[in-house]
1. Suppose the chain between Lys46 and Ile149 were pulled fully straight at 0.36 nm per residue; how much longer would it get relative to their current alpha carbon spacing?
2. May I ask you to give the percent of accessible area on the chain that is carbon plus sulfur, with a probe radius of 1.4 Å?
3. Using a cut-off of 18 Å between alpha-carbon atoms, which lysines can reach Lys137, once sequence neighbours fewer than 8 places away in the same chain are excluded?
4. Kirkwood Rh and Cα-based Rg: tell me the resulting Rg over Rh for the stretch 55-132, rounded to two decimals.
5. Enumerate the helices in the chain for which the Kyte-Doolittle hydropathy averages -0.5 or more and the C-alpha atoms extend at least 27 Å along the helix's axis, using complete DSSP H runs.
6. Just round it to a whole percent: the fraction of Cα-Cα distances in the chain exceeding 23 Å.
7. Ignoring ligands, DNA and RNA, how do Arg35, Arg143 rank by accessible area with a 1.4 Å probe, largest first?
8. Suppose only helical runs count, i.e. DSSP H with n ≥ 4. What mean residue ellipticity at 222 nm does that imply for the chain under -39500 (n - 2.57) per run, divided by all residues and rounded to the nearest 500 deg cm²/dmol?
Amino acid sequence: MSYPEIVSGEFIFRAIGLILPIVIYNLMKDLDYLRIAFEQARLSVKQGGFPAGAVIVKDDQIIAKGISIGNVLHDPTAHAENVSVRKACKALQSTDLQGTTLYASLEPCLMCFCSANWAGVKRIVYGYRKEIGMVKKHYYEGRSDIQDINSQNNHQIELVFMPDVESEMRALIVEWEKQFT
């Protein structure tokens, strides 16, 4: 195949036609798993915890789920993401979670991001971004930016924000605030 054939519109259209269904399929899977993380956040609230949920997936299989009930367990490290990392490591009998994706209802805090990094998580997909108001209410440790920190790390995690559950997540946070704050 010569260079003009490679860059022709027909070739590009064929390539996009082959790639686009794969991209859409992967986005749908991401959204499905993110919705499961959102359901974990709902479960967390029902159990008296913070509205955060997480799921770890490897090879299209859910390995672990986590809810954020550190206040109930008297464990400040029992955030949904950390709980799911611990459970995944136990399930795999390894501290190496390479090839996994962590789906989190909220943007992970610095502690949870670091746990995922140390475990070798490949991707983090989250459905609600950290807001200044949440920092002021002490829902987060501070204004640290995991995107910035990630760019400086030896192991960089692919960070994906999917706003598809953002309005549902916001409603759950408001509901939780009415109940528990």
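1. Length gained, Lys46 through Ile149: 33.8 nm.
2. Solvent-exposed carbon and sulfur of the chain make up 57 percent of the total.
3. Qualifying lysines at Cα under 18 Å: Lys178.
4. On the Cα set of the stretch 55-132, Rg over Rh gives 0.95.
5. Qualifying helices: 9-46.
6. The share of Cα pairs beyond 23 Å in the chain comes to 43 percent.
7. The residues order as Arg143, Arg35, largest area first.
8. That calculation yields -16500 deg cm²/dmol at 222 nm.
The values are calculated or read from the model by the stated rules, or taken from the named source; none is laboratory data. For clarity, every value in this text was computed on a predicted model and none was experimentally measured. No Cβ is skipped: glycine too gets one built from the backbone with ideal geometry, and neighbour counts run over all protein chains shown. Just so you know, the surface numbers come from the protein's heavy atoms only, side chains and all, with ligands and any DNA or RNA stripped out. Shrake-Rupley method; radii C 1.70, N 1.55, O 1.52, S 1.80 Å.
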